[in-house]
Amino acid sequence: MTNFAEAKKRLRGSISPVITPFNEDGSIDFESFENLVNWHIESGSHGISVTGTSGEPSSLTIDERIQVMETAIKVIDGRVPFVPGTGSTNHQEALLLTKKAEELGADAVLVIVPYYNRPSQHALFKHFKTIADEVPNLPIILYNIPGRTAVNLEIDTMVKLKEACPNIIGVKESNKDFEHINRVLNRCGRDFNVYSGIELLCYPLLAIGGAGHISATANIVPDKVAEVYNAWVEGDVKRSQDLHYALMDLNDVLFKDTNPAPVKAALGMMGKIKPVLRLPMDLPTQQLQDEIRKIVSQHVELPEAITTK
């Protein structure tokens, strides 16, 4: 039986939601992907997540999502926890992917509220409980992102799920309602791992007892995003707060278009990937790319050949 208390302790900090790089023909660029995973770990990320929102999961086939998980866990090689996104708008697909993640040896899974379907709270409870019951030894982190799903996972539903499923250990809250997030911790208990998925709430969530963050900005500056958490747990509140404000302009520009379009544009400028998305997603306008380049260059050194227009 999994020791979920120990899992909660290990699954803290900055869990980087790594993007899925593509080649010009739209195929997955596994070489760049492996390099990214290694870079995140070497930069101090406390965990790796793939095929979450930043990984364009709805643009991947089920087989591709499994291939990405297989590649990631091989590269990670136990160095940090692995938390793949296994959710889907299709219940059976979510179940299949979650079971596959368990088979591969994932440390936990991130399961999003089904998007587009707009299920009721009663239906959401059944969806998550069914998945949790099928993998009773695998820690599950719920993923609440009402801006993408059009449904908010209500606190009463979370409480019921926590009580019914010991392996549901936390939630990634991409919810701008900070009052809601406070009440999640109060109602679900402060041992419930709550992660920020809203960049400007990463630092504030630590102050109220959060477990860390799963921030798209970590794709650009994994070291600094991890340091927000490190400084906080080391008691250097000012350092953590200073980093929070120093990253604000970068956080803002990376969300002026739908994630991960600005992130992929930035990584292309950094020479980390080919800046390719699969339709219906696409790169930002040239005007926004110019703004992204200006802001990113203030945080990381861009290769000269790529900064020259």
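Go through the range 130-168 and count every residue that is within 16 Å of the chain's Cα centre (by Cα) and either among the aromatic types (F, W, Y) or more than 19 Å from S215 (Cα to Cα) (or both).
Adding up the residues that qualify gives 2.
Identify, from the list N193, N117, N186, N167, the residue that is within 24 Å of P260 (Cα to Cα) and polar (S, T, N, Q).
Selected residue: N117, the only one of N193, N117, N186, N167 that is within 24 Å of P260 (Cα to Cα) and polar (S, T, N, Q).
Looking at the structure I just gave you, is S240 modelled with pLDDT of 95 or more and closer than 23 Å to K264 by Cα?
In short, no.
Any idea which residue in the range 279-309 is modelled with the highest pLDDT, counting only those that are among the basic types (K, R) and exposed (fewer than 14 other Cβ atoms within 10 Å of the Cβ)?
Within the range 279-309, the match that is modelled with the highest pLDDT is K294.
Quick one: in the range 220-232, which of the residues that are under 16 Å from Y195 (Cβ atoms) and in contact (Cβ under 8 Å) with a residue 40 or more places away in the chain is farthest from the chain's Cα centre (by Cα)?
N230
Could you check how many residues of the range 168-183 are surrounded by fewer than 20 Cβ atoms within 10 Å (Cβ to Cβ), touching a helix residue (DSSP H, G or I) at 6+ places or on another chain (Cβ under 8 Å) and more than 14 Å from G197 (Cα to Cα)?
Result for the range 168-183: 1.
For the subset of the range 184-210 comprising residues that are over 18 Å from the mean Cα position of the chain (by Cα) and of a type in the set (A, V, I, L, M, F, W, C), which member is surrounded by the most Cβ atoms within 10 Å (Cβ to Cβ)?
Out of the qualifying residues, it is V184.
Could you say which residue among S54, S58, S32, S14 is more than 16 Å from the chain's Cα centre (by Cα) and in contact (Cβ under 8 Å) with a residue 24 or more places away in the chain?
Criteria check complete, one pass: S32.
State which residue pairs qualify: first residue within 16 Å of E31 (Cβ to Cβ) and inside the range 254-278, second residue at pLDDT below 95 and aliphatic (A, V, I, L, M) in any location, beta carbons under 6 Å apart, and separation of 6 or more residues or different chains.
G271/I306
Look through the range 82-92, keep the residues that are assigned to a loop (DSSP other than H, G, I, E, B) and surrounded by fewer than 21 Cβ atoms within 10 Å (Cβ to Cβ), and return whichever of them is farthest from the chain's Cα centre (by Cα).
Taking the candidates together, the pick is N90.
Mind listing whichever residues of the range 169-201 are within 25 Å of I48 (Cβ to Cβ), polar (S, T, N, Q) and at pLDDT 95 or above?
Residues satisfying the conditions are S174, N193, S196.
Working only within the range 103-145, note down all residues that are buried (at least 18 other Cβ atoms within 10 Å of the Cβ) and assigned to a helix (DSSP H, G or I).
L124, F125, H127, F128, I131, A132
For the range 107-147, what are the residues that are among the β-branched types (V, I, T) and more than 16 Å from G85 (Cα to Cα)?
Scanning the range 107-147 gives a single hit, T130.
Can you tell me which of D249, D282 is over 25 Å from L185 (Cα atoms), part of a helix (DSSP H, G or I) and touching a residue at least 12 places away in the same chain (Cβ under 8 Å)?
The unique qualifying residue is D249.
Can you run down the residue pairs with Cβ atoms below 7 Å, 6 or more apart or on separate chains, where the first is in the range 190-203 and without any contact (Cβ under 8 Å) to a residue 12 or more places away in the chain and among the basic types (K, R) and the partner is surrounded by fewer than 24 Cβ atoms within 10 Å (Cβ to Cβ) and in a loop (DSSP other than H, G, I, E, B)?
none
What are the residues in the range 47-60 that are crowded, with 24+ Cβ neighbours inside 10 Å and either farther than 14 Å from R148 by Cβ or of a type in the set (V, I, T) (or both), if any?
Within the range 47-60, G47, I48, S49, V50, T51, T53 qualify.
The values are calculated or read from the model by the stated rules, or taken from the named source; none is laboratory data. Computed from a predicted structure; not experimentally measured. Heads up, the Cβs are rebuilt from the backbone with ideal geometry, glycines too, and the neighbour counts pull from every protein chain shown.
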